[in-house]
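Down below is the structure, laid out as structure tokens.
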Amino acid sequence: MTDQLHSHPLFQIRTELLSPEESTALSYKRARIFLRAHGLTVHDIQQCSPRFWAMLRHPLCAMDIAMFTILVCQTNLTIGTLSRHLKRRPDLKPLVNRLLRFETVGIYLLTERGHGLDAFNIETTATKTPDGFILNTPREEAAKFMPGSSPRFGIPKIALTMARLIVNNEDRGTRFFIVPLCDEHEMYQGVESITLPRRSGTQAFDWSITRFNNVHLPQSALVGSDIIEDFVAPANRLQSWWDEIWRIPIGSLVVAAPWVSALKAISYIGGRYSMVRCILGKGNQPTPILSFRTQQWPILHATAAAMVLDNWYPIAIDATGDPSTDHSVRHALAVIAKTTICRHFQRCVPEVAERCGAQGTFEHNYMAKIENDAKGAIIAEGDVLTLCIRLFSELLLKRYEVPLPPPEESILARHAVMLLEENIQLFNTLKCDHRSDVFNNLLLPQSQPVIEAMGHAFAYSAALKAGLPQYVLDMYECSVMRQDPAWYSECAGINRLNQRLREDAAVTSMLPHLADLLADLNIEQYVHAPIVTDAEWKAYLSQLPVHAGNAAPVPEQFHAML
């Protein structure tokens, strides 16, 4: 069934021809079909089984990011959080079964409008009463931001809502509470959902601000402990909070999944368009725009990156799921993978879209919309830069080590090893605290480049071991060198001219294989961009509104007036 999902009628509908309301409703319907088709169990989700990853890596997730968002919240965050409590909380099983069947939509209300990355300091309160809790949003800044909580699409919704447990006027730390939000038609009493405007140029979705006004919850709503009556304040509140949101680190890797498929789609669209789009060259002969080096570089860059990342991502999944590896290192590997994949995507898409001219700016050709959608992934499940800052700081403090590929394996591995060591030495020389101004000013700006360099080394190493063609490896290597040309000149002895010559050799070697490489991406059946062939463009054009009439201009309207 999952292999035929792309031919399902609901997946053939083009969302740009729909209103935002219709598009969002379609995404919810697709999510129901998608989840049921994959038949996930609680065990699949809790243990992040191959079936769980197969669903989230399916290319259709990259074609409907709103559907992907629904699925991630439903499975990884909501069901995943509840899953480890089921043995001691059998009362939660009926709810989880409804979520698995998509009879109820589950959302995850953690962050607040005034506490984005500072989610540890949320203000929503759940005050203990004799028969349960009263949930309140104390001020505007404490409203939950921004999962879709509206009742507009005919399906009940519940939320795992993080709130401060207040017992006898004492703050007992943050816990999750199960909060019914709406039935098929309207919000429940005391719950308000404020629909936000559409995010610019993205897949339509019912992004919302959610707030609570004296919402009564039963005692069983508390899910932050296996013991319902456990109201004791944790000894270490920060550690307890991290333990409650244990699915977020998994989510850091999860949210990177569609961007590998999306990068493959971008490569295919840009590559095929560049082969069929022609200009008149010498002797008025049609010349494909792919014949120009300025066109070849972005297409080959994106294709090489797509191939390398597609090979590395499942290896990253296995590494982050290895129970024999320290938890901190596993989370570090997830952060490295998310950072590397998202930043590769962000660099490749604008290049390819721009080289498709005006066609690259339209939603029906996928590139402009998916680039904007990716901006949401950058901040989802942990903002990329913030994740890098935290990981980089911990590596400099040597709280743990991430084993990198040996520097003799590749120049990218050497770059990563030396860049990290350079910053460790600088930190030791400065003899500063990691929260000092000096650390903030001199070291933090290096956090993302260092983490990315580590990802490049891992990705290249995986591609090398997998036996990807040398011309793909060379192209990927050249694209990475472009991110830090000074280091490769100063430390690797490859000056600017030689860097350019390496690029020229890589492009020359890879270009003759492009058509076959695009076919090998196995993305064609999921791509609906009409510019990939003249026939598809003409077919798409015939579906668009045509304005015609019989009005005749009045000649006097065109007379010059002095």
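Among the listed values (1) 66, 50, 48; (2) 89, 75, 61; (3) 90, 61, 51, the one computed from these coordinates for Cα extents along the principal axes in Å is (2). Here residue 167 and residue 4 are evaluated by their C-beta separation; at R0 = 51 Å the FRET efficiency comes out at 0.45. For the residue pairs 87/144; 369/538; 157/369; 157/264, alpha carbon separations beyond 32 Å are given by 157/264.
The gain in end-to-end length when the residue 408 to residue 390 segment is fully stretched comes to 3.7 nm, 0.36 nm per residue minus the alpha carbon separation. Residues whose amide H falls under 5 Å from that of residue 287, counting only those 5 or more places apart or on a different chain, are 279, 280, 281, with hydrogens built in the peptide plane.
Given R₀ = 45 Å, FRET efficiency for residue 501-residue 242 by Cβ-Cβ distance, to 0.05? After rounding, the FRET efficiency stands at 0.35.
Taking packing as the residue-averaged number of other Cβ atoms within 10 angstrom, the listed peptides 166-178, 430-442, 100-112 run from highest to lowest as 100-112, 166-178, 430-442.
Using a basic spin-label model with each label point 7 Å from the Cα along Cα→Cβ, how many nm lie between residue 426 and residue 19? Those two pseudo-labels are separated by 5.4 nm.
Packing order of peptides 341-349, 198-206, highest average first: 341-349, 198-206 (average count of other Cβ atoms within 10 Å over each peptide's residues).
Whenever you get a sec, compute what percent of the accessible area on the chain sits on carbon and sulfur atoms (1.4 Å probe). With neighbouring chains kept in place, the figure for the chain is 54 percent. Sequentially through region 158-165, phi angles give Karplus couplings (6.51, -1.76, 1.60; θ = phi - 60°) of 10, 10, 7, 10, 7, 8, 7, 7 Hz, Gly and Pro residues having no value and appearing as x.
A simple count of charges around residue 105, restricted to other residues whose Cβ falls under 14 Å of its Cβ and scoring Lys, Arg +1 and Asp, Glu -1, yields +4.
Backbone geometry of region 182-196 corresponds, through the Karplus equation with coefficients 6.51, -1.76 and 1.60 at θ = phi - 60°, to 3J(HN,Hα) couplings of 7, 9, 5, 10, 8, 6, 6, 4, x, 9, 10, 10, 9, 6, 7 Hz, x marking Gly and Pro.
Summary of the geometry: region 266-304 and region 396-443, compared by the centres of their Cα atoms, lie 41 Å apart. Take 241-250, 78-87, 65-74 and order them by the average number of nearby Cβ atoms within 10 Å per residue, most first; the result is 65-74, 78-87, 241-250. Phi-derived couplings, Karplus 6.51 cos²θ - 1.76 cosθ + 1.60 at θ = phi - 60°, listed residue by residue for region 527-535: 8, 10, 5, x, 7, 6, 9, 5, 5 Hz, with x used for Gly and Pro. Distance between the pseudo-spin-label points of residue 220 and residue 440 (7 Å out from Cα toward the beta carbon): 4.9 nm. Could you tell me which residue out of 61, 135, 429 lies farthest along the dipole of the chain toward its positive end? Charges go on the beta carbon: Lys and Arg +1, Asp and Glu -1, centred on the Cα centre. Of the listed residues, the answer is 61.
The values are calculated or read from the model by the stated rules, or taken from the named source; none is laboratory data. Quantities reported herein were computed from a predicted structural model and do not represent experimental measurements. Every residue, glycine among them, receives a Cβ derived from its backbone with ideal geometry; neighbour counts consider all protein chains shown. Keep in mind that these areas ignore ligands, DNA and RNA; they rest on the heavy atoms of the full protein, side chains included. Shrake-Rupley method; radii C 1.70, N 1.55, O 1.52, S 1.80 Å.
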